[in-house]
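What follows is one structure encoded as structure tokens, with my remarks underneath.
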Amino acid sequence: MTSPAEEQTEISQRVPSGCPVIHLDASAPLEAGAHWEKANELRETSPAFFNSHAQGYWVFTRYDEVREMYQHPEIFSSESITPWDPDPVYRFVPTQIDPPDHAKYRQLISRWFAPNAVNRITPQAHEIGRRLVADLAPKGECDFVSDFAMRLPTEIFLTIIGVPNSDADLFVPWVEDFFAGFGGDLEQQTAMGAALGGIRGYWEDVLEDRRHDPEPREDDFVSLLVNSTVDDEPLGDALILDILTVLVLAGLDTTRGQLGYLFRHLAENPDDRRRLIAEPELIPTAVEESLRMYTIIFGDGRKVAQDTDFHGCPLSKGDMVYGLVSGANRDPRVYESPDEFIVDRKANNHLGFAGGPHRCLGAHLARRVMQVAVEEWLKVIPDFEVTSEEPLMERGGGAMMTLLNLPLTWEVTS
């Protein structure tokens, strides 16, 4: 075991004089908003830190540096995206594949989540949204996170994939357990592994079923993968399972988290809520502002692929870095009134969907799910408020942040 003195010696050898050193473990749940406050503090203190958490990694806090990190995968590899775990046991495809091979898999997948594909299932998305709201409205209360924010994106995701949306409840505990470990809580690694096994087991059954089809199924993503090739070679089962697993983890938890923060804002800011009711054409810009101001990505990790000096930080091959997206998206050097939610904010070039070649391929679907949620909810429940005697808590920023619960109430009308 390394002694504190040995740790200090190692850090002094890796970190140039004058570069601030911190110890930040962001995995613990905190009161809602605390992670953004911490990100603001770090960003305004220094553009870069060395974090002694885990094996140690560099943290870049401001918009320009984080964007530049995303734009240079030849330096900042996605081989690992969690800086406290340089050699993860999981493999996300195409998330953890670098260019040029990354493009081969991304092109295969992205057309399924392109605007035309999202438009195809939009009527069903509205039907799902209307049904879920109609079920909740007579109750006058709900835990928005578990009763709506997780259910809606899960059902819509399964619809666009081409499997029964009635399987939505199967995925909720798997996603929860995975992100408990993914976020840096080392005690949750066993549950994380079991969750991955559950998700892969589900898709193994679907994959086996599709392999027996005499012809490819229409509007069925697993069938597409079974009948696709990359470099003139069919996709193996392990690769297909990697792709399906990352789509579940990247799509369901993220949208759930984003919806929770957006609806908390609408509950606590009736002027914004009423404006969206009066001007529903502003719902898309309100969604973008939520993605900027309430970004669920505390930070995003990359593995250094070659020795380089990055804004005065000497990076060695194999080092881990962390782009503080939460700080970048509220950087006053880029955004006017960065800590203010502006419903009709223009030129909102945020990093809520990352950037560069690994920019989120599910961005179109996530936006549409959020727009459907706001539109269908406000039609039926225009006035609602947060009712909690205790402060709202959010999952640690080691993974994607999300409110642990969001109790909402409203007046029931006949």
Name the single residue, out of those in the stretch 342-352 being more than 26 Å from V15 (Cβ to Cβ) and open to solvent by less than 20 Å² (accessible area, probe 1.4 Å), that is nearest to the chain's Cα centre (by Cα). G352
Consider L324 carefully, then state whether it is under 20 Å from P47 (Cβ atoms) and buried (at least 19 other Cβ atoms within 10 Å of the Cβ). yes
The stretch 364-414 - residue that is touching a residue at least 24 places away in the same chain (Cβ under 8 Å), open to solvent by 60 Å² or more (accessible area, probe 1.4 Å) and among the acidic types (D, E) and, of those, nearest to S110 (Cα to Cα): E375
Could you say whether any residue in the stretch 79-97 is under 30 Å from D339 (Cα atoms) and open to solvent by less than 20 Å² (accessible area, probe 1.4 Å)? yes
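The values are calculated or read from the model by the stated rules, or taken from the named source; none is laboratory data. In this text, all values refer to a predicted model and were calculated from it rather than measured experimentally. Note that each Cβ is placed from the backbone with ideal geometry, even for glycine, and that neighbours are counted across all protein chains shown. The protein model used for the area step is the full one, side chains on, heavy atoms only, and it has no ligands, DNA or RNA in it. Shrake-Rupley method; radii C 1.70, N 1.55, O 1.52, S 1.80 Å.
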